[in-house]
1. I need every pair where a residue in segment 108-131 that is farther than 15 Å from Pro52 by Cα and acidic (Asp, Glu) has its Cβ under 9 Å from the Cβ of a residue that is at pLDDT below 90 and surrounded by fewer than 19 Cβ atoms within 10 Å (Cβ to Cβ), sequence separation at least 6 or different chains.
2. Could you check, for segment 168-176, whether at least one of its residues is among the charged types (D, E, K, R), closer than 29 Å to Thr97 by Cα and within 12 Å of the chain's Cα centre (by Cα)?
3. Would you be able to say whether some residue in segment 30-47 is more than 22 Å from Val126 (Cβ to Cβ), assigned to a helix (DSSP H, G or I) and among the aliphatic types (A, V, I, L, M)?
4. Check whether at least one residue in segment 122-140 is buried (at least 17 other Cβ atoms within 10 Å of the Cβ), acidic (Asp, Glu), over 17 Å from Phe64 (Cα atoms) and under 20 Å from the mean Cα position of the chain (by Cα), and report yes or no.
5. Output the residues belonging to segment 133-183 that are in a loop (DSSP other than H, G, I, E, B), at pLDDT 80 or above and farther than 30 Å from Arg55 by Cβ.
6. Sort through Leu18, Leu8, Leu24 and tell me the only one that's of a type outside the set (Phe, Trp, Tyr) and either in contact with a strand residue (DSSP E or B) (Cβ under 6 Å, 6 or more places away or on another chain) or touching a residue at least 12 places away in the same chain (Cβ under 8 Å) (or both).
7. If you go through segment 159-185, how many residues are crowded, with 18+ Cβ neighbours inside 10 Å and over 20 Å from Leu137 (Cβ atoms)?
8. Restricting to segment 34-66, and then to whatever is over 20 Å from Ala168 (Cβ atoms) and aromatic (Phe, Trp, Tyr), can you tell me which residue is surrounded by the fewest Cβ atoms within 10 Å (Cβ to Cβ)?
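The values are calculated or read from the model by the stated rules, or taken from the named source; none is laboratory data. Predicted, not measured: the structure shown is a model, and the values here were computed from it. Reconstructed Cβ throughout: ideal geometry from the backbone, glycine too, with neighbour counts over all protein chains shown.
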Amino acid sequence: MLQTTIGLVMLCIIVFWLWPCVRLDAFRQNLFALRDELFDYAATGRISFDHPAYRLLRQSMNGFIRYAHRISVFQVTMTLFMWKAIRPVEPKYDWTTKWEQALASIQDNEVRDKLKEFHAQVGLMVAERIVLGSPILIAFLIVCLVADLCRQGWKSAQAAFSQAVVEAASRAVDPRVLEEEAMRAAA
């Protein structure tokens, strides 16, 4: 009985204290690495460090790094509640508007596509953080994953997983809301 109790206490410590800390640190480290890749890309001279698209993407990454501890299903639900209930008017997605304008100002399609790829990677990381932190969303992820694998015919399990994560997260929360909150955190 004592061994079982000690084992359960250790399991609870791992599941409810150590694992969330590891997930948070890994999320931040992955964002730091992606931000470094973005910096290296700009250092090659393909895009200026002062270009609005670069600055917005970097600010978004910085906001998500700072805001990472608040990226959970509960916090996202509370944020959505504030956006919908407290502010009943349609929210303005300033960051999204500025991002689209900044992308439109880039003449080189290769650079534009690379910045979109960086942005998509950030979105995937945030979606994974939200979905994999909730048992309910993990169950929904499994359903989405099976559906995507059936649709794609088992061609790419990694692509199906990424698509399922983004689909599960986007059904739970609008990514534009997260980007707006990240920008507020970065400010």
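1. Once the first residue is farther than 15 Å from Pro52 by Cα and acidic (Asp, Glu) and sits in segment 108-131, its partners that are at pLDDT below 90 and surrounded by fewer than 19 Cβ atoms within 10 Å (Cβ to Cβ) give Glu128/Ser162.
2. Step one: filter segment 168-176 for residues among the charged types (D, E, K, R), giving 171, 174, 176.
Now drop any that are not closer than 29 Å to Thr97 by Cα, which leaves 171, 174, 176.
Okay, now just the ones that are also within 12 Å of the chain's Cα centre (by Cα), so 174, 176.
Among the residues of segment 168-176, at least one is among the charged types (D, E, K, R), closer than 29 Å to Thr97 by Cα and within 12 Å of the chain's Cα centre (by Cα), which makes the answer yes.
3. yes
4. No, segment 122-140 has no match at all.
5. First, pick out the residues of segment 133-183 that are in a loop (DSSP other than H, G, I, E, B): 133-134, 153-156, 173-174.
Okay, now just the ones that are also at pLDDT 80 or above, so 133-134.
Ser134, the sole residue that qualifies.
6. Working: Leu18 fails: either in contact with a strand residue (DSSP E or B) (Cβ under 6 Å, 6 or more places away or on another chain) or touching a residue at least 12 places away in the same chain (Cβ under 8 Å) (or both); Leu8 fails: either in contact with a strand residue (DSSP E or B) (Cβ under 6 Å, 6 or more places away or on another chain) or touching a residue at least 12 places away in the same chain (Cβ under 8 Å) (or both).
Unique residue meeting the criteria: Leu24.
7. The total comes to 2.
8. Narrowing segment 34-66 to residues over 20 Å from Ala168 (Cβ atoms): 34-63, 65-66.
After this cut, where a residue has to be aromatic (Phe, Trp, Tyr) as well, the list is 39, 41, 49, 54.
On the way: Phe39: 12, Tyr41: 17, Phe49: 10, Tyr54: 22.
The qualifying residue surrounded by the fewest Cβ atoms within 10 Å (Cβ to Cβ) is Phe49.
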